[in-house]
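Read the structure below first, then the notes.
Read the figures in this text as sums done on the coordinates, not as results from a lab. As the structure is a prediction and not an experimental result, all values here were calculated from the model. Note: ideal-geometry Cβ built from the backbone for every residue, glycine included; neighbour counts use all protein chains shown.
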Amino acid sequence: MDGFPILSLITFLPIVGLVIVLSLPKEKAQTVRITTLVITSIQVILAVILLANYNYGLAGINDPNSFQFVEKFRWIEIPGISWIGTIKIDYFLGVDGLSMPMVLLTALITFIATLSSWKIDKSVKGYFALFLLLDTAMMGVFVSLDFFLFYVFWELMLLPMYFLIGIWGGPRKEYAAIKFFIYTLVGSVFMLLVMIGLYFSTKEILPDGSSAYTFNMLAMMNPHNYVSTGILSPLNPSNLRFIAYIALFAGFAIKIPMFPFHTWLPDAHVEAPTPISVILAGVLLKMGTYGILRISFPIFPNITRELMWYIALFGMINIIYGALVALAQKDFKKLIAYSSVSHMGYVLLGMASLTSVGINGAVFQMFNHGTITAMLFLSVGVIYDRAHTRGIYEFGGLANQMPVYTGFVTVAFFAAIGLPSMSGFISEAMVFLGSFGTEVIRTLAIISTLGILLGAAYMLWTLQRIFFGKLNEKWANLPDLDLREYVMLVPLAIVVIFLGIYPSAMLNIMNTSVKHLVDFLAVNAHHISTTISAL
Amino acid sequence: MSEITLVNLSLIILLLPIIGFTVVIFFGKRFFKIFWFEIAMIGIAFVLASIILFVRLTTYVDAAPIVFQFTWINFGNLPLLGHLTIDLGVKIDNMAAIMMVVVTLISFLVHIYSLGYMKGDPRFTRYYSYLGIFSFSMLGIVLTHNLLMMYIFWELVGLSSYLLIGFWYEKKSAADAGKKAFLTNRVGDIGMFLGILILFTNYHTFTFDTIFHSIAGGHLPFDSGAWLTATGILLFMGAVGKSAQFPLHVWLPDAMEGPTPVSALIHAATMVAAGVYMIARIFPMLTADALLVIALVGGFTSFLAATIAITQNDIKKVLAYSTISQLGYMVMAMGVGAYAYGFFHLVTHAWFKALLFLGSGSVIQAMHHEQDIREMGGLRKKLPITYYTFLTATLAISGVPFFSGFLSKDGLLLGTYAFASLTGHVLIPIFGFTVVILTAFYMFRLVIITFHGEPRNIEKYNHAHESPKVMTIPLIVLAVLSFFFWYTGNPFSGESGWFISKWIHTPHSVVPDSLRFNFMRSTAEASAHLENAHEVITHSPMYMEALHHSHYPAMIISILFAGLGILLAYVIYQWKKVDPDKLAERYSWLYKFSLNKWYFDELYQATFVAGTLGLGKVLAWFDTYIVDGIVNGTAWVTRKVSEFSGLFDTYVVDGLVNFTAFFSGFVGLGLKKIQTGRVQTYVVFAVLSILILLLILRPF
């Protein structure tokens, strides 16, 4: 694979699709759909090629030499403007064990979401153009190793998402879209601040021996690269670095979404069309936790260590609070949205453990939540398409009317409950093994196990209310799944069950990197702490 | 037969039912009578399990357990932990071999029986696939050599139980019962899971033997005996859920909503016994305190359930409470250290309780799905095979000599008697022996009301007829298995039989001496004196002596009490010397307390269920009006500020381009115009903010 820019290809392929879609006449809706499907299928194939050529033994994280499929060249170079110096921004892509699962997830979910978008017939061209733009943005976030580039993709994602909810959404789409937009934008502002602060604190040694400010994330992870007077240098005695950490974390936390920043999520989900919900829950939420692992943790290892209890605390709140609120929901989609809040809590809890098992669990949970929640939202879509309502209490007895659909929903629900033999169990169990094993957050882990019970409670109750009991005569004509819906659900179900039985298939991809991350955090947290106390 | 052959056979046995499940669930609609495939799978599994049992009990009877394991997840070398892997594996000892046969045979018989019982059900094929996934999960629990795999299959039996209890999900009560079973079990599972977390945190493995080895080496969880006790009790919580022990017993009676053969297989003979099996598996690491808790919970449960069983009128409910009560016996036996008898009772109970349920199924079908015994009566003549097999099982469960139940029950009661004489915990044998009377009483009450006397509902009686052969043959097989001669040559002594003396040995305790009961301490002299090395460690000579002394008193009391219970039932229900209704009236408070199951359901509903749902509602309100209210409020305030600054900009500041105006304009743009969705605004905003930041952050 040497020299072949496969990451650029997988990232910008949708832009090619976008151009094609835009150049097609408005009437050719079907061609637009097929184009998108072809593009996303190629993306899946590229992801598989990536996986096939992926070296499981390389760690990545902070070491540019062990990143894979790296592409790096100078992207922007603005000659010196007084005190700022020369601005040099790299186009720097690469994957390691943290990003590889996310790339696979993005490719898979986008493909499924394309199928799910088939029935959208309101300005098809615009929809798929935005959809493809979103695709590029998401993929870009996961493969960028330059903070500036990361930020560009991060922001780029906002735009299509805003319109996809705001135009193709439900009755309160404007409200939901603007709420999503502003909320995420607030997070971005925090991130921007920190990014610029870091930029002016880090100098990278260039090949010619000179040094320059840099947006390179990997350079920011190395304490030796900091300018001693830099605003966010570990040597800076002020607590700016601490504030920066909080700000950056808040930026990511909004995306996860972490309590109390989560209220945009139920609104966005309820109003978004099904495929957008699938992408939102399946991929976008992971950008928050991914950002924390990719950026916050390795750049601020000592502060991460100091705050791990709080991260775990918010994880716990997400798990319990999300589950309890889900229990009270009467709208099927809103219930699933709150279940996402609950399930993303496991990711926070796992990463807060700062152990190999816990962080492996967290990353695995990110992937699993992506596939499982995608199934859940697709299931909501199936019933909404047919009945045009999502009220849990309006259904009942669908099990006999739509047996195959019931089967898939049951699989999805039990996967969400964390039933062994499905992927969610492995990641949740690992999160608990890791967090319980870390003394600082043990109590929080113990309380969080209540989530296992509450999760089962709202899921089984919902299953009963929708599928069991007597059939409401109103729904006596609902057809079972059609072929397209099969094609959407079957791959996800296979992935969920396969990874439940053979989790190593995914864990081996991430394990080397996670292990390295944990070592790196421990060593650097110690290093920085001793440096500071030596001052 | 070599060890590896046995391992391979056991893995084949494990996989056969899941293959059956997969084939039946996916091809159920395409192929006619595909359920025969599942029946064949479980039949083969039974044959193979019998082979394993035979080989194990002949060639390997005193050999160490046969263990096979493989790495499932490999974390590689980790700091502090070393090389961390998660292994799965099987462990075949005598106990597992016996359990495999129990599970596969009862499962097979239930498969056959269901051909008759479930005939004509619209989801007949799916029913068989569920039986397959259940058998698979149950065999996994039996075979596992580690706690994680036990937990995995533990949850999977929970799933199959959920699916089968709610099999007739059109009925709300059935769907409710399935949900209740799953959730109640999850409460226990949380405890079990925490126990597993403690063990993994300390030993970095899930494998029983490795954990035991570390504990024996003096490495206690968090270096504390209290934590070891806590771990034991937490793991036991899993058993409390699965084996329906107080306070989580409430799900099992409701589980009777499932088809009756399922009740026989899952909720009487096998799955509910998994809790006891689990206690047996973790037995070596249980401290005295943990064992005492287990014994008390088991004893109390057996008493509680028996007092409820005496007033129930639903034939399956009586049997359900009887099951809870008998499971309490097994748990209690484990708790007092009568390990072998606890497992012995598990096995004998599996046959006769499966028989009772299948018998009740035969009655229910004959009565056209009537389950109320007050509608029955006189069925002896109509259903002779059902009657005599049912009677056999009743004699067995009541503890009448010559039947299997007598041997195991007598043994475990003896254990409680000896235990009390050594430790002073007399409450435990009091529970144990009281339950003997109650058991004999409610079982004979059931038999007499159902089968003896005159029919109470003539119409239903006239339509009743004996079940077909597919249903009666399993009954006969199980009845034969309920006699003593499978376990011992002497019908009055289980102790001298091969089951107790040769097959099942109490394992070594690995708990430090200071945490054991006095009578379980190992002493150098004791080791030298006794021949049987297995018993040395766990039971001191003191215990053996106490057992010896208790032997006859315990047996005599047990036989007398059983006779008393039977006599009472005859006096009241057969000879009608005492009017039960008048009794109920006179002690109406007690009667109602028993009839209403001590009001546990009402209590839990009012506290836990209502509490959780209420908390959910409160938090949902909080989420909508407070958390989101703050968000919307902030947005509102910002909008007002931005409107104000917009006005300020227009009217107060005269067009001079200065920083203030620029900034408020920016606020106005950023927060007001963004809502128009203009992309350009947004881009300008981003660029400007970068510029401002560059200015602010300029190094001085």
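In Å, what is the Rg of the alpha-carbon atoms in region B:5-128, and how long is Dmax?
Reported Rg and Dmax, both Å: 18.6, 61.
Note down the nm distance, to one decimal, between modelled labels 7 Å out along Cα→Cβ at residue B:124 and at residue B:454.
4.0 nm
Using a/c under 1.5 as the rounded threshold, could you call chain B rounded, prolate or oblate? The axes a ≥ b ≥ c are square roots of the C-alpha gyration tensor eigenvalues, and prolate needs a/b larger than b/c, oblate otherwise.
Prolate.
Between the DSSP loop rule and a limit of at most 10 other Cβ atoms within 10 Å, which trypsin sites (Lys or Arg not before Pro) in region A:109-194 are left?
A:122
How high is the FRET efficiency from residue B:8 to residue A:502, r the C-beta distance, R0 25 Å, rounded to 0.05?
0.80
Going from the alpha-carbon gyration tensor of region A:452-505, what semi-axes, largest first and in whole Å, does one get by taking the root of 5 times each eigenvalue?
So the three semi-axes of region A:452-505 are 28, 21, 6 Å.
For a quick size check, give me the Cα extents of the protein assembly as shown along its three principal axes, largest first, whole Å.
110, 73, 57
Please report, in whole Å, how far the alpha carbons of chain A spread along each principal axis, starting with the longest.
For chain A, the Cα extents along the three principal axes come out at 76, 58, 42 Å.
What does a probe at residue A:210 reach in region A:51-81, counting residues whose amide N is under 20 Å from the point 7 Å along Cα→Cβ?
Backbone N within reach: A:73-81.
For region B:191-248, what is the per residue volume of the convex hull drawn over the alpha-carbon atoms, in cubic angstrom?
About 76 Å³ per residue, rounded to a whole number.
Take every Cα pair under 8 Å in region B:210-319 that's 6+ residues apart, average their separations, divide by the length, and report that relative contact order as a whole percent.
31 percent
With a/c under 1.5 counting as rounded, go ahead and sort region B:326-447 into rounded, prolate or oblate using the C-alpha gyration tensor (a ≥ b ≥ c being the square roots of the eigenvalues; past the cut-off, prolate if a/b is larger than b/c, else oblate).
It is prolate, given that a/c is not under 1.5 and a/b is the larger ratio.
Give the calculated FRET efficiency between residue B:430 and residue B:462 to the nearest 0.05, with a Förster radius of 35 Å applied to their Cβ-Cβ distance.
For residue B:430 and residue B:462, the calculated efficiency is 0.15.
So if R0 is 30 Å, what FRET efficiency would residue A:52 and residue B:40 give, r being the distance between their Cβ atoms, rounded to the nearest 0.05?
Between residue A:52 and residue B:40 the formula returns 0.15.
In the protein assembly as shown, with Lys and Arg counted as +1 and Asp and Glu as -1 at Cβ, which of these residues, B:44, B:310, B:241, has the Cα nearest the positive end of the dipole, that is, farthest along it?
Final value for the positive-end residue is B:310.
So how much slack lies between residue B:70 and residue B:402, counting 0.36 nm per residue of separation and subtracting their Cα-Cα distance, in nm?
Gain on stretching residue B:70 to residue B:402: 115.0 nm.
Gap in Å between the Cα centre of region A:105-140 and the Cα centre of region A:350-401?
19 Å
Hey, how much of the P(r) for region B:551-630 falls beyond 17 Å, as a percent of Cα pairs?
When all Cα pairs of region B:551-630 are counted, 72 percent exceed 17 Å.
How would region B:382-449 be classified by its alpha-carbon gyration tensor: rounded, prolate or oblate, with rounded meaning a/c under 1.5 and the a/b versus b/c comparison settling the rest?
Because a/c hits 1.5 or more and a/b fails to exceed b/c, region B:382-449 counts as oblate.
Between region B:474-498 and region A:486-534, what's the alpha-carbon centroid distance in Å?
55 Å
Could you tell me the center-to-center distance, by alpha carbons, between region A:166-189 and region B:257-326 in angstrom?
Spelled out, the Cα-based centre of one part sits 54 Å from the other.
Averaged over every viewing direction, what's the projected area of the C-alpha convex hull for region A:323-476? Give it in nm², one decimal, please.
For the Cα atoms of region A:323-476, the hull's average projected area reads 8.3 nm².
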